[in-house]
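Q: For reference, the structure I am asking about is given below.
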Amino acid sequence: EMPVEMQSQLPHLWEILERMRIPVFQKDGFEADDIIGTLASDAERQGFSTYIVSGDKDFMQLVSDKTFLYSPGSKKNPGPVVYTSKMVEKRWGVGPDKIIDLLGLMGDSSDNVPGVAGVGEKTAVKLIKEYGSLEGALHNAEKVANKRARNGLIEGAANAKMSKELVTILLNVELEST
């Protein structure tokens, strides 16, 4: 849920956007990520290059030859970075097509995504490289040498699947601008 201090700012934002004649897309039951994903996906199908401006790592799953992620930076990673597919792989150890598997396994505390207990970033990358996906790691949990990760996969399969679902950005929201 959106923090209360942000909710109180929204009416001012809507008024500014309306006065500047900037289209607003929203749909009950969908997150902004899903709307941005849909718009980026539609633009890519039409041949446009798209830049998503966000520090949210969920958007790495959308990066492609035509869709880029402009990350303004943070305390950990100062300065802006424009992520390409190669840069996503360099940063995370997996390409954009495996980001949802990675985040499903390792979780994302900034979005309250639990992931799998005992699985951090390095272990998640290793599992994906070895078994191909989150589902592959779950299917082969008994074979995982790391005891903490093995137990986490066996006992936390439902959490893992839910985590992957939470980080998956929808690309097909029916939209109308307001």
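The values are calculated or read from the model by the stated rules, or taken from the named source; none is laboratory data. Keep in mind it's a predicted model, so treat the numbers as computed, not measured. Neighbour counts are summed over all protein chains in view; Cβ atoms, including those assigned to glycine, are modelled from backbone coordinates with ideal geometry. Note: areas computed on protein heavy atoms with side chains; ligands, DNA, RNA excluded. Shrake-Rupley method; radii C 1.70, N 1.55, O 1.52, S 1.80 Å.
Q: Every residue in the range 23-53 that is modelled with pLDDT of 95 or more and aliphatic (A, V, I, L, M), please.
A: Scanning the range 23-53 gives Ile35, Ile36, Leu39, Ala40, Ala43, Ile52, Val53.
Q: Counting only residues that are among the hydrophobic types (A, V, I, L, M, F, W, C) and not in a helix (DSSP H, G or I), which one in the range 1-25 is most open to solvent (accessible area, probe 1.4 Å)?
A: The selected residue is Met20.
Q: Determine which member of the set Asp65, Asp34, Asp58 is among the charged types (D, E, K, R), closer than 17 Å to Leu175 by Cβ and not in a strand (DSSP E or B).
A: Criteria check complete, one pass: Asp34.
Q: Tell me which residues, restricted to the range 100-118, are of a type in the set (A, V, I, L, M), in contact (Cβ under 8 Å) with a residue 24 or more places away in the chain and open to solvent by less than 60 Å² (accessible area, probe 1.4 Å).
A: Result: Ile100, Leu102, Leu103, Leu105, Val113, Val116.
Q: Checking Lys76 against (1) in a helix (DSSP H, G or I); (2) among the charged types (D, E, K, R); (3) more than 16 Å from the chain's Cα centre (by Cα), which single condition isn't satisfied?
A: It fails just one condition, (1).
Q: Let me spell it out: the conditions are (1) over 27 Å from Ser109 (Cβ atoms); (2) open to solvent by 80 Å² or more (accessible area, probe 1.4 Å), and Glu44 meets all of them except one. Which number is the exception?
A: The one condition Glu44 does not meet is (2).
Q: From the list Asp28, Asp33, Asp65, Asp56, which one is of a type outside the set (Phe, Trp, Tyr), within 28 Å of Gly156 (Cβ to Cβ), free of Cβ contacts under 8 Å to residues at least 60 places away in the same chain and open to solvent by 20 Å² or more (accessible area, probe 1.4 Å)?
A: Being of a type outside the set (Phe, Trp, Tyr), within 28 Å of Gly156 (Cβ to Cβ), free of Cβ contacts under 8 Å to residues at least 60 places away in the same chain and open to solvent by 20 Å² or more (accessible area, probe 1.4 Å) holds for just one of Asp28, Asp33, Asp65, Asp56, which is Asp56.
Q: Hey, another quick one. Return the total of residues in the range 69-118 being closer than 27 Å to Leu138 by Cα and among the β-branched types (Val, Ile, Thr).
A: Selection size over the range 69-118: 6.
Q: Inside the range 79-99, can you point out the residues that are more than 13 Å from the chain's Cα centre (by Cα) and open to solvent by 80 Å² or more (accessible area, probe 1.4 Å)?
A: Pro80, Lys86, Glu89, Lys90, Arg91
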